[in-house]
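Everything on this sheet refers to the single structure shown next.
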Amino acid sequence: METAEGSPEAGADLKTFATRFGVQGTCDARFLLVQRAFERCFEELGETGGAVGVYFQGELVCDLWGGVANDDGRAWQKDTLVMPYSVSKPMAALCCLILIDRGLLHPDKLVAEYWPEFAEGGKGDCTVAQLLEHRAGAPFVPENCVPEDLYDEVELTRKIALQPALWHPGDVLAEHAITFGHLCGALVRRITGESLGAFFQREVAECLSADLHFGVPQERLDDCAALSAWPTSTIQELKCMSPLAEVGLFQPDVLCQPSVVNSREWRQAQIPAVNLHCTARDIAKVYSSLAGSSGTQLVTPATANLLQTPSAPGIDKVFGFEAQWALGFQHNDWSEEETGSSIGSTFGLGGIGGSVAFGCRIKSKEDTGIVSSLGFAYLTRQMGSWERADYVQHCLLKVLVDLQGKMP
């Protein structure tokens, strides 16, 4: 593994040091605005290490990386893995979507039909669709949970099932920040007999020849980027997003602790709501497939179409903003503010700290049909706001609006 020359001296500005390595990779000439935006993230927006991946019409058009992978100045490489927090959640949901596609799981059936223990505590009326759309009423881990409990997937899942519902299933939208992956994993295990991580590795990662892991293999641990320390102001902003944010995100207080999330134990555990480790180009490849590219299809077109029909929007009780979900994938209209031009609705999710990944079926300028597919990811090790990802997305949208006008 290549190591950059030199390292930041004690007290040195890591952001300045990171710019020495520049942005590397490949970029289609039509998407150079995206590359320039990524470069600006290092030059002006405080990025220290990250990657961008863009698939357009089934082709990898941007595969970019830059900066450092840890505070010691190790250069970010093409195969550097990083944990993007809640970007993980749709990948956990995808495992359930594959089971739906095969007729082994049905969105309208009760979770308890597959996982009887989940009916405890007033959760018996919860449907699979409600679980996938964060309306199960089980958004928090048990109060007495300690960090080590997160490493025992089976035992923590059992404890989550026994908890009483905070709300009647279906009534309240509240992102299940840590528990979501365990809920999806329980369905996968009950139906297939294997863990979500094992199922995901075979049915998604290996199927697409993609570098994606719920549970990093021993031989890949040294390829993981170390997440930076969190700015105190960002942690405070997260805690103030809603009255329930502190419980949802900081019980137990592990998500913003570098000593925990950068540990071998955390990286090799299966905590599917938050600890996927991946490259930007490979999670973008997943979204390209789900958006309808002509390459390898993870599910049939009919099942992929389910991701284009979100449920009614609601105010998320944990994050405090309006959200809309389709079977575990969050929807947002993607429009250019200056012109009002819209290319479609994105489906995916961002993660606290600044990473984001999504797919989009790009519609024609006249809105008469779908003309192309897109998969996008911006992944970072530098914890902070979504300013950097938002800026790169904004520049990508400009490119796509221009291309939209040239498509038949």
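The values are calculated or read from the model by the stated rules, or taken from the named source; none is laboratory data. Fair warning: this is a prediction, and the values are worked out from it, not measured in the lab. Because the Cβ atoms are built from the backbone with ideal geometry, glycine has one as well, and the counts that use them run over all protein chains shown. Protein only, heavy atoms only, side chains kept; ligands, DNA and RNA dropped before computing areas. Shrake-Rupley method; radii C 1.70, N 1.55, O 1.52, S 1.80 Å.
Assorted remarks:
- Breaking point among (1) at pLDDT 95 or above; (2) of a type in the set (Val, Ile, Thr); (3) closer than 22 Å to Asp390 by Cα, for Ile100: (3)
- Within the stretch 108-119, tally of residues that are open to solvent by less than 20 Å² (accessible area, probe 1.4 Å) and farther than 13 Å from Ala161 by Cα: 0
- For Ala161, the stated conditions do not hold, so it cannot be described as in contact with a helix residue (DSSP H, G or I) (Cβ under 7 Å, 6 or more places away or on another chain), surrounded by fewer than 24 Cβ atoms within 10 Å (Cβ to Cβ) and assigned to a loop (DSSP other than H, G, I, E, B).
- Conditions (1) in contact with an Asp or Glu (Cβ under 7 Å, 6 or more places away or on another chain); (2) under 18 Å from Trp325 (Cβ atoms): number failed by Cys126: (1)
- Any chance Leu238 is under 26 Å from Val286 (Cβ atoms), touching a helix residue (DSSP H, G or I) at 6+ places or on another chain (Cβ under 8 Å) and among the aliphatic types (A, V, I, L, M): no
- All positions within the stretch 192-216 that are part of a helix (DSSP H, G or I) and among the acidic types (Asp, Glu): Glu203, Glu206
- Whether a residue is open to solvent by less than 30 Å² (accessible area, probe 1.4 Å) and either under 30 Å from Asp282 (Cα atoms) or not in a loop (DSSP other than H, G, I, E, B) (or both) was assessed, and Val154 does not pass this test.
- Looking across the stretch 209-261 at every residue that is of a type in the set (Asp, Glu) and within 21 Å of Val146 (Cα to Cα), the one that is least open to solvent (accessible area, probe 1.4 Å) is identified as Asp253.
- Condition broken by Ala136, with the remaining ones in (1) farther than 19 Å from Gly328 by Cβ; (2) at pLDDT 95 or above; (3) part of a loop (DSSP other than H, G, I, E, B) satisfied: (1)
- Whichever residue in the stretch 238-249 is under 21 Å from the mean Cα position of the chain (by Cα) and free of Cβ contacts under 8 Å to residues at least 12 places away in the same chain and, among such residues, is nearest to Ala177 (Cα to Cα): Glu246
- Residues located in the stretch 262-284, provided they are open to solvent by 10 Å² or more (accessible area, probe 1.4 Å) and either assigned to a helix (DSSP H, G or I) or under 30 Å from Cys360 (Cβ atoms) (or both): Arg264, Glu265, Arg267, Gln268, Gln270, Arg281, Asp282
- The strands (runs of 3 or more DSSP E) found entirely in the stretch 306-373 include none that carry 3 or more residues being open to solvent by 30 Å² or more (accessible area, probe 1.4 Å), more than 24 Å from Val274 (Cα to Cα) and of a type in the set (A, V, I, L, M).
- When the stretch 285-305 is limited to residues that are assigned to a helix (DSSP H, G or I) and touching a Leu at 6+ places or on another chain (Cβ under 8 Å), the one that is nearest to Leu105 (Cα to Cα) turns out to be Thr303.
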